[in-house]
Amino acid sequence: MKTLLSISVFCLFLFTNCSDDLDSDNLPETIELEQKSIDSNGYISDNRTDGYNKGYFWTIYKEGGWGRLRFPQANQYSGNFEIEYKNNQDIVGGKGWSTGNGRRINYNIGLLQGSYNFVGVYGWTQTPLIEYYVVEKGSITGQNQNRNYTVNNKNYKFKKQLRSNAPSILGTKTFYQYISEHGNASTGSNQQVHMQAHINHWNKYGGHKPEWGNLRDFDYQVFGIESYTGNWGKINASIW
């Protein structure tokens, strides 16, 4: 996240491997929003807000401008979400799990319009404190570690960036961002991120202090979007 921690036309596609722990109820076509800072139309205020929808965790944060999070196809695809925004200093959010791990994350980006910086898997660990990105589309600033690797026939560049006295999930701290960047995934097709392969690479080449051991104490892990261009943008995607 750049600062504080943390499709109108939907391409139709069939998901056959939905997670077993999802809700099986058939609720009416409504938007499930648990926090008062998001109203029934999905508008979001300037703070981080979390909740659950159809068995999935979601999180959203923005600075300035306008934005909204909705779940327009969630009755059909439990992992569906839509984020639209404009004139923001920063906006980041997505749908996934309250606790990260090495899971395989299936996704389909049905619509991606306008301006954005990053689309992919985003999350945090607490020990050591790491903010991580698996960049499926776009790019995140960082120092190239010259440790490229391949997962699921996608080549990833491993980058790091030090954030000094910056806001985090544990308050103002100094921490590293770990960035695995592919950046060129297609839209409208089923894709997969094998998180354990990325975690293994970070453990081997991240360079965090040996006494800390491997990355652990995972906080949330979502598939989502970040934009700090200040322009308009919109994503509609589903995970399973």
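The values are calculated or read from the model by the stated rules, or taken from the named source; none is laboratory data. Computed from a predicted model, the values in this text were never measured in an experiment. Glycine also receives a Cβ, built like all others from the backbone with ideal geometry; neighbour counts cover every protein chain displayed.
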Practice problem: Among the residues of region 141-193, write down those that are buried (at least 19 other Cβ atoms within 10 Å of the Cβ) and touching a helix residue (DSSP H, G or I) at 6+ places or on another chain (Cβ under 8 Å). | Solution: Val151, Tyr156, Phe158, Tyr178, Ser180
Quiz item: When region 178-202 is examined, which residues are found to be more than 22 Å from Arg163 (Cα to Cα) and of a type in the set (Ser, Thr, Tyr)?
Solution: Ser186, Thr187, Ser189
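Residue-wise test of (1) within 25 Å of Asn88 (Cα to Cα); (2) modelled with pLDDT of 95 or more; (3) more than 17 Å from the chain's Cα centre (by Cα).
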| position | (1), (2), (3) |
| --- | --- |
| Asn155 | no, yes, yes |
| Arg163 | yes, yes, yes |
| Thr187 | yes, yes, no |
| Ile199 | no, yes, no |
| Gly206 | no, no, yes |
| Gly224 | yes, yes, no |
| Gly233 | yes, yes, no |
| Ala237 | yes, yes, no |
Quiz item: Yes or no: Asn101 out of contact with any strand residue (DSSP E or B) (no Cβ under 9 Å at 6 or more places or on another chain) and modelled with pLDDT of 95 or more?
Solution: no
Quiz item: Out of (1) over 16 Å from Tyr133 (Cβ atoms); (2) in contact with a Lys or Arg (Cβ under 7 Å, 6 or more places away or on another chain), the odd one out for Gly171 is which?
Solution: (2)
Practice problem: Just one of (1) in contact with a Ser or Thr (Cβ under 8 Å, 6 or more places away or on another chain); (2) surrounded by fewer than 20 Cβ atoms within 10 Å (Cβ to Cβ); (3) within 29 Å of His208 (Cβ to Cβ) trips up Val92, so point out which. | Solution: (2)
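Go through region 1-98 and tell me which strands (runs of 3 or more DSSP E), entirely inside it, have 1 or more residues that are closer than 22 Å to Glu136 by Cα and either under 20 Å from the mean Cα position of the chain (by Cα) or modelled with pLDDT under 95 (or both).
Values: elements: 49-53, 56-63, 66-70, 80-86, 90-97.
Fully inside region 1-98 and qualifying: 56-63, 66-70, 80-86, 90-97.
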Quiz item: If you go through region 127-145, how many residues are assigned to a strand (DSSP E or B) and over 25 Å from Phe81 (Cβ atoms)?
Solution: 4
